[in-house]
Amino acid sequence: MTMCAIKWREVLNKRANSVIDSHKSVENYAQRVQQDCVDYPDLMLNVVFGFGKALVYIIAFSVALIIGFSAWYLTIIVLYAIISTWAARSIAKPLINLNYRSQVAEATYRNSLTISNFQNCISIMMGLAVKTKHLNYFQIFYGQIAVILPIMIVAPAYFGGALTLGLLMQATSTLSTISDNCSYGINSFSIINR
């Protein structure tokens with residue numbers, strides 16, 4: 001994966017150098033292009049490979065859950081993940097603009113190194129920190145519910161006598177694995193928003 005990121009960086013740097021001359025109006029373009037050429041390949045490869053891994057786990061464990069237990073269990077976990085992903089997206093959406101403004105302020109500060117620009121950078125970073133904290137709180141809340149939800153789903157079948165303790169543990173483990181992998185998007189918003 002590292003070699004792929006390095007090759008991708010080379011391509012991005014060559015493209016950026018050919019485009020930079022025509023976009024001199026972009027503020028502090030040199031620092032921003034350099035940082036983007038370093039960060040973008042690593043971030044994208046992590047997101048793509050992480051999503052692929054999560055998808056493989058979801059498919060494998062979903063088949064096992066449907067065959068061994070019930071599709072109803074899968075439906076509850078997937079609906080919970082979809083609704084929570086939508087909520088996390090709503091919470092994380094302001095981070096896109098705040099991250100952009102933060103990068104502009106940091107590049108301007110690095111370029112001019114004046115105190116007034118540093119104050120602007122601080123105020124933007126404070127706004128970014130508050131929004132990031134909201135996203136982190138939601139991710140923690142989601143994670144805590146995701147621990148309990150698989151047990152709550154299969155508990156009625158266990159107490160009704162339809163499942164033994166061993167089957168309860170298998171179903172809970174399978175549901176937890178599916179839930180964890182359906183949560184990939186929710187847990188990746190902080191990476192995606194960079």
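The values are calculated or read from the model by the stated rules, or taken from the named source; none is laboratory data. What you see is a predicted model, and the numbers here were worked out from it, not measured in a lab. Side chains are part of the model used for accessible areas, which takes the heavy atoms of the whole protein and leaves out ligands, DNA and RNA. Shrake-Rupley method; radii C 1.70, N 1.55, O 1.52, S 1.80 Å.
Of note:
- Ordered from largest to smallest accessible area (heavy atoms of protein chains, 1.4 Å probe), the residues Leu135, Leu43 come out as Leu43, Leu135.
- The stretch 56-93 and the stretch 134-194 have Cα centres spaced 9 Å apart.
- Of the residues Asp180, Asp39, ranked by 1.4 Å probe accessible area with the largest first, the sequence reads Asp180, Asp39.
- The listed residues Ile191, Ile83 rank as Ile83, Ile191 when sorted by accessible area, largest first, using a 1.4 Å probe.
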